[in-house]
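The values are calculated or read from the model by the stated rules, or taken from the named source; none is laboratory data. These numbers come from a predicted model, not from an experiment. Using ideal geometry, Cβ is built from the backbone for each residue, glycine included, and neighbour counts are taken over all protein chains shown. Surface areas here come from the heavy atoms of the whole protein model, side chains and all, with no ligands, DNA or RNA. Shrake-Rupley method; radii C 1.70, N 1.55, O 1.52, S 1.80 Å.
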Amino acid sequence: MKRLIVLLCLGVMILPVMAHEIKLTGEMWNRWTLETGNAPAGENTILRNNLSLERGYLGLEPKFSDAVKGRFTVDIFSTDLVKDGAGLKIKYAYLDFSKLLPIPDMTTTIGLQKVYFGSIYDWDYTLIGKSPTDEYKFANSADYGLTLHGYIPKGWGEYALGLYNGEGYKNYGANLKNNIQPAFLANLRLIPVAGLTLGGSFMLNSSERSDSLSGLGGDNPKYNEQKLMDAYLSAAYGPLTLMGEYMMKDVTYPNDSAKDMSANCASVNAVLKLKTLVEKDIDFVVRYDRSDPTDSDKDENIVTAITGGVNYNFMHDDSSNPAMQLQLNYTNKSNSVKTTNDSSALMLQLKWRFNNTLKS
Amino acid sequence: MKVRNVIIILAILLIGVSAFAKTNKVVCSGSTTVLPIAQATAEAFMDKNPNVNISIRGGGSGVGIAALQNGTVHIANSSRPMKTKEMNQCRAKGIAPTAYAVALDGIAILTHKSNPVSNLTVKQLKAIYTGAIKNWKDLGGPNLPIVVISRDVASGTFEVFNEKALGGAKVISSALLLASNNAVVTSVADTPGAIGYAGLGYLGDGVKTVSVNNIVPSKATVQNDTYPLSRKLYMYTNGKAKGAVGSYIAFIQSPAGQKIVENEGFVALK
């Protein structure tokens, strides 16, 4: 941890010297959570009642030239729920080259970066919860890799092709699987008419390695190949935005086919923005998720989650982007088979963000 | 609640929003270059249409376009065409950006009045702004260090200059970056070795305008697009401009509006 902090400090000192301009960004999520559910003994009780800095992002975005930009973001959290009380991870550390290839509006990105799968890469947390792809562990929100991301002329959509490690940015040490195959990704979003977005993502990933490194040789039964698909639909009209997503994951174990399994999830949410109706910038949000997070095809448990909430946005900048957001969400989660896992959570969150651009 | 009830509630809400949109209040924000055109034409338009209230803010082209995306302005003023990324973000949010050209402009290259250099090529401009040429004597002028003055990166004028004159190259780090056309003109007027750039509408007696590739920025050279740093100035709306917004933009594009554009020092549409 000390080394990481030293590196961060060095980065903060060196980047402004090298960059033409540098943007400093920050975002903090202060949250109160009250969660109720079943205790291990079976009785319904309060499982969690705590305040936390659930997430904090601090970032540097240096611009080296019109064609070369960087982004360096650390993800911090502080809560008494974990042993050390706080944690720090590098979320992004990448360079964008906008003119490396002679394709208009396309950027080549190298480093620890976004994963362009489903809604995970542009999820704006209008609801407190994570994007369904993140929440139900279909894909990582960030990973090490190389991507080509571009926009289709005249605002007709965007595309991405990526090559990633496939492990995500959070794994380390014993959690890190011994995997030598990269993950491949393709993502396409089309906007045929203003307000209607259709999209799809496809990803091939794997975990572990096929052969065993234990010294005995032979096949590794834990090696698995993953095929992930996502369909995305968004419709925005006036103050109302509807978003739907369906994702599925097929996992095959070439060395142990008895473990083969699949998972799927459907999620819809709606956001009603009232700022054009009333003087205050208020959103109403609802969300419905139906997930089959199967670890094994023998497990037929279906998780259903329903969320309702309201946001109050305030302290707007010149572009009407709010610097602060007060969010209240209530989520009820139920299980079709494992009903002892049923729970509900009330969350109140104050989110605040800032940014400032320094020029050399 | 039955699905039918939900649909009825949503329909009532949408009708309410549509009714709200039919207001006579017009809100514009964005480019500081377009600002004087918007202000002068708005005054004339409101004189003729006292029931319409037009409020105008600056902030830069990028700020105006972001506000249009957020649905908080009716018009985004921009001194550059909207970028593909911005277009994409707008359309994803249900905003259909529609561009209306309201004037033409040339980005004039300015030097101190005492500077004898009267012409620069685009290649020389790039060399100056990237730091390859640092003294006026290398351009046939006096032995005087060049003080490079540029607009800040949020400015549409910077983006057009950066694209047309610099080909996207990085401006020398010692350049003085200023937030408005007026600030550039004032700084160049006060600094003997300075070079800067600003829209034609901001020129004054305190500075000298040099030709670019031997073409002087003028009404004729901007209109026939021979001046290398000529551009269009835009107003963007969500879909086709209607109601008071449509009337206001139609007024700017009319002969009466274009006369005001010229009075402000810009070039009328062809």
inquiry  = Condition first: in contact with an Asp or Glu (Cβ under 7 Å, 6 or more places away or on another chain) and under 21 Å from B:THR72 (Cα atoms). Can you find one or more residues in the stretch A:351-358 that meet it?
reply    = yes
ask   = Has the stretch B:205-220 got at least one residue that is surrounded by 15 or more Cβ atoms within 10 Å (Cβ to Cβ) and under 16 Å from the mean Cα position of the chain (by Cα)?
value = no
message = A:LEU185 - would you say it is modelled with pLDDT of 95 or more and within 14 Å of another protein chain (Cβ to nearest Cβ)?
response = no
inquiry  = If I go through the stretch B:66-98 residue by residue, how many of them are part of a helix (DSSP H, G or I), open to solvent by 10 Å² or more (accessible area, probe 1.4 Å) and more than 7 Å from chain A (Cβ to nearest Cβ)?
reply    = 3
task = Using the structure shown, decide if A:THR108 is at pLDDT below 90, away from chain B (no Cβ under 14 Å), more than 14 Å from the chain's Cα centre (by Cα) and open to solvent by less than 30 Å² (accessible area, probe 1.4 Å).
result = no
query = Given the structure, is B:SER211 under 30 Å from B:LYS270 (Cβ atoms), assigned to a strand (DSSP E or B) and free of Cβ contacts under 8 Å to residues at least 60 places away in the same chain?
reply = no
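Can you name the residue in the stretch B:153-172 that is free of Cβ contacts under 8 Å to residues at least 40 places away in the same chain and in a loop (DSSP other than H, G, I, E, B) and, of all such residues, is most open to solvent (accessible area, probe 1.4 Å)?
Residues of the stretch B:153-172 free of Cβ contacts under 8 Å to residues at least 40 places away in the same chain: B:153, B:158, B:162-163, B:168.
From the residues that got through so far, the ones that are in a loop (DSSP other than H, G, I, E, B) too are B:153, B:168.
On the way: B:VAL153: 30, B:GLY168: 10 Å².
It comes out as B:VAL153.
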query = Listed residues B:THR33, B:THR23; which is open to solvent by less than 10 Å² (accessible area, probe 1.4 Å) and at pLDDT below 90?
reply = B:THR33
note = Those residues of the stretch B:129-147 which are crowded, with 21+ Cβ neighbours inside 10 Å and within 26 Å of A:LYS23 (Cα to Cα) amount to B:TYR129
key: Condition broken by B:ILE109, with the remaining ones in (1) in the same structural domain as B:GLY196 (by TED's automatic domain parsing); (2) open to solvent by less than 10 Å² (accessible area, probe 1.4 Å); (3) at pLDDT below 95; (4) touching a strand residue (DSSP E or B) at 6+ places or on another chain (Cβ under 6 Å) satisfied   = (3)
query = If we keep just the residues of the stretch A:78-105 that are hydrophobic (A, V, I, L, M, F, W, C), modelled with pLDDT of 80 or more and part of a strand (DSSP E or B), which is farthest from the chain's Cα centre (by Cα)?
reply = A:PHE97
task = Name, by its number, the condition in (1) closer than 30 Å to B:GLN89 by Cβ; (2) of a type outside the set (A, V, I, L, M, F, W, C); (3) more than 14 Å from chain B (Cβ to nearest Cβ) that does not hold for A:SER257.
result = (1)
query = So A:THR339 clears everything in (1) in contact (Cβ under 8 Å) with a residue 24 or more places away in the chain; (2) out of contact with any helix residue (DSSP H, G or I) (no Cβ under 8 Å at 6 or more places or on another chain) except one condition, right? Which one?
reply = (1)
inquiry  = Going by what's in this entry, would A:ASP260 be described as open to solvent by less than 70 Å² (accessible area, probe 1.4 Å), under 21 Å from the mean Cα position of the chain (by Cα) and among the acidic types (Asp, Glu)?
reply    = no
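Take B:VAL63 and tell me if it is part of a loop (DSSP other than H, G, I, E, B), crowded, with 22+ Cβ neighbours inside 10 Å and within 14 Å of chain A (Cβ to nearest Cβ).
Here the answer is no, as B:VAL63 does not meet what is asked.
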inquiry  = Between A:LEU277, A:LEU326, A:LEU272, which is part of a strand (DSSP E or B) and more than 26 Å from A:MET247 (Cβ to Cβ)?
reply    = A:LEU326
